[in-house]
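Enquirer: Supplied in structure tokens, the structure appears directly below.
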Amino acid sequence: MSSVQSSLSMSEVLKGIRVIDLGTFITGPCAAMMLADLGADVIKVESPEGDPYRSYQGGRYSPHFQAYNRNKRSIALDLKTPPDQADFDDLLRDADVLIQNFRPGTAERLGAGAERLQATNPRLVYCSISGFGTSGPYVDRPSYDSVAQALSGFLSVVVDQDRPRFLGPALADAITGLYAAYGVLGALVQRGRTGHGCLVEVSMLEAMAHFAVEPFAAYFDLGAVPTSTDRPRLAQAYILRTADDRLIALHLSSLEKFWIALTAALDAPELSTDRRFGTRDARIAHYEALAGELNALFTKQPLAVWTERLGRYDVPFAPVNSIDQVIGDPQVAHLGLIVPVQSPSRAAHAVRPPVQFGGHRVTSVRAAPLLDQHGAAIRTALGAGGRWPDLQLTPGAPSAEAIAP
């Protein structure tokens, strides 16, 4: 490993990249947070009322807002007023990226549309996130996470048709944000070759359809409409209950050695000789019957016993951990996945970004900002020279009293 590789830290990957985050709720803020986690300097521009996600559980600093807005600064600007529009334009001149997830037409009405901003700053990568795209029969419809999950077909291949219910957390919102960040990174690479920014567009419908690419491929190749039972059957995945009322997940995949290992771990030779389960195809065909047999066996012993046995026989498994159990998991602790955060709320920890660079991973994150927390410092810098304010102007996090409604 070269010295350059070994010294690279995650905070330096996008060092010098300046991002304006106009997003609200999840999709836009998530995309901006992904860039912030890689070291980009992200300024969240909020209305004077703030991102509506701030108030999801009272106050103006909800855990939902905190989840997608770490490592950012905040300034409150009313883009309908000339003074605040001027401050926004000053920020824009030095920005590399702008991200917004307004309904189509809203950004233009606020003076923040792609055409005007890229005329001012031709190097700007402008990312527009929408529900259904910027044209077409659904363009004026409101879209949220559950709507995109349903329309894209994703929901049909993950929910039980007999007991339909939504899955949490907000998968479509977060996944769309990830795709948006992916598009922005590609546009930045292209700008490095051409010197010009571009318009990056992604809709929740397109993102979720692409995320469900495997069921679409199966439909195009086989002609059968995929259902929610296909994946667990083909993967030979089971969720089983133990004697102490814990849940455990198995994933046997397509390798015969895992089936052999499972029957050995269970000390159940009768499963090996049962003609219904003699081959992978047979086990797929009799998936429900095998699930019943496995459940009957797993309910005889507590989770700790099965953890030892399955581990000893190299069976792919994991307990179905609750969030608090994940935090105490020894592998999670080994990876340093939970890191400290200096927050004005009760949250003293957060899940760090999952990517390492050159063997380095982050060991802390900056808390999501309070509304307009950095507004005074940013305005002072803009007033002094009309240029993007340096990150070191950021003041410390205020006290918990400051987050009251």
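Enquirer: Name every residue in region 258-283 that is free of Cβ contacts under 8 Å to residues at least 24 places away in the same chain and in a helix (DSSP H, G or I), in order of residue number.
Expert: Selection gives 260, 263, 269, 270, 271, 272, 273, 275, 276, 277, 281, 282.
Enquirer: I've got another one for you. May I ask you to list pairs of residues, at least six apart or on different chains, whose Cβ atoms are under 6 Å apart, with the first in region 207-222 being without any contact (Cβ under 8 Å) to a residue 60 or more places away in the chain and aliphatic (A, V, I, L, M) and the second being in a helix (DSSP H, G or I) and buried (at least 17 other Cβ atoms within 10 Å of the Cβ)?
Expert: 207/175; 207/176; 207/179
Enquirer: Quick one: count up the residues across region 121-147 that are among the polar types (S, T, N, Q) and surrounded by fewer than 17 Cβ atoms within 10 Å (Cβ to Cβ).
Expert: Looking only at that region, the number is 3.
Enquirer: Go through region 226-257 and give me each residue that's in a helix (DSSP H, G or I) and surrounded by 14 or more Cβ atoms within 10 Å (Cβ to Cβ).
Expert: Residues satisfying the conditions are 230, 231, 232, 233, 234, 235.
Enquirer: Quick one: is residue 157 among the β-branched types (Val, Ile, Thr), in the same structural domain as residue 45 (by TED's automatic domain parsing), under 15 Å from residue 202 (Cα atoms) and modelled with pLDDT of 95 or more?
Expert: For residue 157, the condition - among the β-branched types (Val, Ile, Thr), in the same structural domain as residue 45 (by TED's automatic domain parsing), under 15 Å from residue 202 (Cα atoms) and modelled with pLDDT of 95 or more - is not met.
Enquirer: Please give the helices (runs of 4 or more DSSP H) falling wholly within region 1-83 in which 3 or more residues are over 26 Å from residue 113 (Cα atoms) and either out of contact with any helix residue (DSSP H, G or I) (no Cβ under 7 Å at 6 or more places or on another chain) or of a type in the set (Asp, Glu) (or both).
Expert: Because the criterion is at least 3 residues that are over 26 Å from residue 113 (Cα atoms) and either out of contact with any helix residue (DSSP H, G or I) (no Cβ under 7 Å at 6 or more places or on another chain) or of a type in the set (Asp, Glu) (or both), the helices (runs of 4 or more DSSP H) in region 1-83 that meet it are 3-7, 63-68.
Enquirer: Follow-up. Among residues belonging to region 85-120 that are surrounded by fewer than 18 Cβ atoms within 10 Å (Cβ to Cβ) and touching a residue at least 60 places away in the same chain (Cβ under 8 Å), point out the one that is nearest to the chain's Cα centre (by Cα).
Expert: 94
Enquirer: Another question about this same structure. Mind checking whether some residue in region 150-157 is closer than 26 Å to residue 20 by Cβ and surrounded by 15 or more Cβ atoms within 10 Å (Cβ to Cβ)?
Expert: There is no residue in region 150-157 that is closer than 26 Å to residue 20 by Cβ and surrounded by 15 or more Cβ atoms within 10 Å (Cβ to Cβ).
Enquirer: Let me ask another. Within the bounds of region 140-152, is there any residue that is in a helix (DSSP H, G or I), charged (D, E, K, R), without any contact (Cβ under 8 Å) to a residue 24 or more places away in the chain and over 29 Å from residue 189 (Cβ atoms)?
Expert: No, the conditions are met nowhere in region 140-152.
Enquirer: It is to be established whether one or more residues within region 135-148 are under 17 Å from residue 22 (Cα atoms) and in contact with a Phe, Trp or Tyr (Cβ under 8 Å, 6 or more places away or on another chain).
Expert: No, that holds for no residue.
The values are calculated or read from the model by the stated rules, or taken from the named source; none is laboratory data. Remember, predicted model here, so these are calculated numbers, not experimental data. Positions of Cβ are generated from backbone atoms using ideal geometry, with glycine treated the same way; all protein chains shown enter the neighbour counts.
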